[in-house]
Structures are given as structure tokens and as C-alpha cells.
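Take a look at the structure set out below.
Every number in this text was worked out from the coordinates using simple rules, so none of it is lab data. The model shown is predicted, which means the values in this text are computed figures rather than measured ones. Methodologically, a virtual Cβ is constructed for each residue, glycine included, from the backbone with ideal geometry; neighbour enumeration extends over all protein chains shown.
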Amino acid sequence: MAASATPRPRPGLMHSNQGEGTAQAGNVAAHRTVAGAGLAMHEHTFPPFSDSESILAKVRRGLPYSVVETLASALGSRRELAQAVGISATTLARRKRAGRLTPAESDRTVRIARLVDMSRVLMRGDLEATRQWLTTPHDLLDGESPLQRADTETGARDVEQLVGRLRHGVFS
């Protein structure tokens, strides 16, 4: 029996973490996404960590509020981000004054940042297409948008799996 050839990724659709599993690739994307103060959504790839601090340590300490601002800017809506992260408008205002999210809010923010990054790669770096895809209801997500679906870890995994299937041309 002949060994099957490893499929070659299409140019422009994969990160530097080609060949890694979806969850591991998502974790790498989240690391890049939250590095430093926030996102660099206008660039094709995120800069590497500028320090040796792990994303876990940053989440446990609480991410700086600037990450919310940057991610909301990338999504085009602070309201949709707040809903996906599970933060009310009044709590968001308190976090802005405090300058930092709680560890639980930080963890949920990293989840959304990971999906934004994965979706941006799927859309070949087109931020507007990424925004539209994340906020448009899809039949494959039972009529929910990817951002709505990602309000729980289980829902976020559904979106990650859908992105992986689309990235590899599996549409059913």
C-alpha cells in the first residue's frame, strides 16, 4: 500500500505554524495576537513576543484594557466583542477605568482574539472580509455568526473546526 502524500497548503492561507493541529495553531495565534499590548491586525502576521512572559501568565494577571480596544477596533464593534466575551457595557467601562481585565475576562478575550486571527488567515489577511465572516450567520453554525457561537469555549471550538474545514476545502 502506498503512503499518501501530505497535502500541500495553498499559499497565503496558512500561518508559519503549517502542519500543526487546529488547536495548537490556534494557541500559537493567540500568543501572537495578545503579545504586548494587543493586535496588529493590519499586518499579515503578528510580531513575535517581545518578552519571555507567557500568555498564561498574562491571562492570570489580567490583560491590559488596551487589548479590548485593539480587538474591538479589528472587529469594528465593541458591543459585539463585549457580548462574545460576556462583559456588560457597565463592566467594560469599569475595566477601562481600572486599565485591566480580570483573568476570566482575559481568557475569554484570548479565545476571541484566537478566532479573529484564524479567520483573518482564512481570509488571506483581508480584515474587512474577516469582520464580515465573523459577524454573518452561517448555516453550518445553526444560523449563528462565528462571533455569537464563540461565546462559550465549546462554541469557539465549533468555529475553529469550521475554519479548519474551510481552510482545507472540506465544505460539508
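Restricting attention to region 62-113, the residues that are touching a strand residue (DSSP E or B) at 6+ places or on another chain (Cβ under 9 Å) and either of a type in the set (S, T, N, Q) or assigned to a loop (DSSP other than H, G, I, E, B) (or both) add up to 6. Just to be sure, is R100 closer than 22 Å to A57 by Cβ and basic (K, R)? Against the criterion (closer than 22 Å to A57 by Cβ and basic (K, R)), R100 qualifies.
If you filter region 137-154 down to residues that are free of Cβ contacts under 8 Å to residues at least 12 places away in the same chain and either part of a helix (DSSP H, G or I) or in contact with a strand residue (DSSP E or B) (Cβ under 9 Å, 6 or more places away or on another chain) (or both), you find that the one that is surrounded by the most Cβ atoms within 10 Å (Cβ to Cβ) is R149. Being touching a helix residue (DSSP H, G or I) at 6+ places or on another chain (Cβ under 8 Å), among the basic types (K, R) and without any contact (Cβ under 8 Å) to a residue 60 or more places away in the chain narrows it down to one of R78, R114, R120, R97, so name that one. Residue meeting the stated conditions: R78. Within region 107-123, the only residue that satisfies the criterion of being farther than 18 Å from R149 by Cα and out of contact with any Ser or Thr (no Cβ under 7 Å at 6 or more places or on another chain) is V121.
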